[in-house]
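Q: Mind looking over this structure? Questions follow.
The values are calculated or read from the model by the stated rules, or taken from the named source; none is laboratory data. Every value quoted in this text rests on a predicted model; they were computed, and no experiment measured them. Cβ: placed from backbone, ideal geometry, glycine included. Neighbour counts: every protein chain shown. Ligands, DNA and RNA are stripped out before the accessible areas are found, and what is left, the full protein with its side chains, is counted by its heavy atoms. Shrake-Rupley method; radii C 1.70, N 1.55, O 1.52, S 1.80 Å.
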Amino acid sequence: MKCVLFVAYGSGHIKMLIPVAKALQASGRAQTVVLALTTAAPVARAAGLDVVQFKDFVLSGDEAALARGRHMAQDLGGAVGDPHESAAYLGLSYADLEADLGAATAEVEYRRRGRQAFMPVRTLTRILKALRPDVVVATNAPRGERAAIVAAGRLRIPALCVVDLFAIDEVQWIGQAGYADRVCVLNAAVREFLIAAGRRPEEVVETGNPGFDALNAPETVAAGHQWRWQRGWGDRRVLLWPTQVEPVVHPFDGRPGDPTLPGRALQQLVQWTLARDDAVLCLRPRAGETPPDVPAHERIVITGQDLHLPTLLHACDLVVTLSSTVGLEGHLAGCRLVQVTGSVFDDAMPLLRYGIADAAVPVQALPSALDRWAIAPRRTAQNLTPATQRVLSQITTFL
């Protein structure tokens, strides 16, 4: 039987590939294996998928690399879920860095960039030679996933890159000719962006993001409508603010941020809501975050993480965000979307330019944007179900 290797790290990246891997496994068209990087392993195993990791490909002669990896894991601090995997991932990745740059330059690069310096093509080549997949599917992340696609290209194994959002930074490599045989993207605007960067039109396919497929499931839509009805919100205009934190400086390029920006935006939202009898403001703090200090009022509601986000989105009419992906999810669920600009992450989340936000305004212009868009009718929620099947159809063209 043919074999397809999926490569992803944790967070939203593994969640984007799991629906595709499960659909392929259920089809019987190919054996599926997931190279689960860092925190992706327990997520992929819980989905019932076969998982391999860096530690499964350690060879005689890797002892020095593993010893370095164990030391590096200790330096990272915090709890390490799988010390053997951490030692293998860090140690083998650093060994590749040394082999590529030399010991002195590798040390300088790791001190400067940390794990962002890694692109372990040599180790991924070792893994691909051991597994001998017929197709490699990886996300747009810049380390192991990028290395997997580069290694696949050198070994003449067909490869697909599945892009989660806008490829703003990743265009540096995804936009290059020969990087993956097929690139699957979120929407037409991202496709045009990559074509303008130099990709051939037939190489870039608008598929959607399979990680969002469940967003508009009929039971989710119904649960959102019921939650709204139970609260008697009916014809009121329901706004959602997912709480966000703005850093003092950008974590990668050092540009100064404005930590007061989220609080000022929330203050505008509260004032606008309280001035209108038909408005409701929902606040959704992040997991483990202390809820913001807002006036006690029946039309200002703090929701917990126990309420499924897609359900909440189908109970709301409009989302206001700085750079949270909740804004994109809200748009896909049919909400209107207003983005507050001025964040150091504006460039990475160009929601208006990509046809997702209805408005992108500085914080002082937020009330006027709400006057226009909070009363606008909801969009028709997009039918996202085909995203998994669209990506799957691209994979099967190489089987």
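Q: Assigned to a helix (DSSP H, G or I), aromatic (F, W, Y), touching a residue at least 24 places away in the same chain (Cβ under 8 Å) and open to solvent by less than 70 Å² (accessible area, probe 1.4 Å): which single residue out of W227, W233 fits that description?
A: W227
Q: Considering only residues of region 377-398 that are modelled with pLDDT of 95 or more and in a loop (DSSP other than H, G, I, E, B), which is farthest from V221 (Cα to Cα)?
A: For region 377-398, the residue satisfying everything is F398.
Q: Let me ask another. Could you grab me the full set of residues in region 57-107 that are open to solvent by 20 Å² or more (accessible area, probe 1.4 Å), in a helix (DSSP H, G or I), closer than 15 Å to T39 by Cβ and aliphatic (A, V, I, L, M)?
A: L76 - this is the single residue of region 57-107 that is open to solvent by 20 Å² or more (accessible area, probe 1.4 Å), in a helix (DSSP H, G or I), closer than 15 Å to T39 by Cβ and aliphatic (A, V, I, L, M).
Q: Also, I was wondering about something else. Does G48 satisfy the condition of being within 18 Å of S93 (Cβ to Cβ), open to solvent by 20 Å² or more (accessible area, probe 1.4 Å) and not in a helix (DSSP H, G or I)?
A: So G48 fails the test.
Q: Here is a further query. State all residues of region 168-186 that are open to solvent by less than 60 Å² (accessible area, probe 1.4 Å), part of a loop (DSSP other than H, G, I, E, B) and under 18 Å from H13 (Cβ atoms); if no residue qualifies, say none.
A: Of all residues in region 168-186, those open to solvent by less than 60 Å² (accessible area, probe 1.4 Å) come to 168, 170-171, 173-175, 179-180, 182-186.
Adding the requirement that they be part of a loop (DSSP other than H, G, I, E, B) leaves 168, 170, 175, 179-180, 186.
Correct list: I168, E170, Y179, A180, L186.
Q: Only residues in region 1-24 that are under 19 Å from I127 (Cα atoms) and in contact (Cβ under 8 Å) with a residue 24 or more places away in the chain count as the first member; pair them with residues that are among the charged types (D, E, K, R) and crowded, with 24+ Cβ neighbours inside 10 Å, Cβ under 8 angstrom, at least 6 apart or cross-chain, and list the lot.
A: Correct list of pairs: V7/E145; A8/E145; Y9/E145.
Q: Taking region 108-142 as the search range and keeping residues that are among the basic types (K, R) and in contact (Cβ under 8 Å) with a residue 60 or more places away in the chain, which one is most open to solvent (accessible area, probe 1.4 Å)?
A: R132
Q: Within region 167-179, which residues are touching a residue at least 40 places away in the same chain (Cβ under 8 Å) and either under 17 Å from V391 (Cα atoms) or of a type in the set (D, E) (or both)?
A: D169
Q: Only one residue in T38, T32 is modelled with pLDDT of 95 or more and surrounded by 14 or more Cβ atoms within 10 Å (Cβ to Cβ). Which one?
A: T32
Q: Let me ask something else. Being loosely packed, with under 13 Cβ neighbours inside 10 Å and among the hydrophobic types (A, V, I, L, M, F, W, C) narrows it down to one residue among V221, V249, V270; which is it?
A: Answer to the selection: V249.
Q: Can you tell me which of A315, A333, A359 is of a type in the set (G, A, S), over 18 Å from the mean Cα position of the chain (by Cα) and within 21 Å of D235 (Cα to Cα)?
A: So the residue among A315, A333, A359 that is of a type in the set (G, A, S), over 18 Å from the mean Cα position of the chain (by Cα) and within 21 Å of D235 (Cα to Cα) is A315.
Q: Right, another one. Go through region 201-212 and give me each residue that's surrounded by 19 or more Cβ atoms within 10 Å (Cβ to Cβ) and part of a helix (DSSP H, G or I).
A: Listed by number, the residues that qualify are P210, G211, F212.
Q: I've got another one for you. Six or more apart or on different chains, Cβ under 6 Å: which pairs go from a residue in region 347-374 that's touching a residue at least 40 places away in the same chain (Cβ under 8 Å) and under 16 Å from W241 (Cβ atoms) to one that's open to solvent by less than 10 Å² (accessible area, probe 1.4 Å) and in a helix (DSSP H, G or I)? Could you list them?
A: Hits for this filter: V363/A265.
Q: Identify, please: which residue in region 273-296 is more than 26 Å from T220 (Cβ to Cβ) and in contact with a Pro (Cβ under 8 Å, 6 or more places away or on another chain) and is, among those, least open to solvent (accessible area, probe 1.4 Å)?
A: This residue is P292.
Q: Filter region 297-347 down to residues that are over 23 Å from D278 (Cα atoms) and in contact with a strand residue (DSSP E or B) (Cβ under 7 Å, 6 or more places away or on another chain) and give me whichever is most open to solvent (accessible area, probe 1.4 Å).
A: The qualifying residue most open to solvent (accessible area, probe 1.4 Å) is T341.
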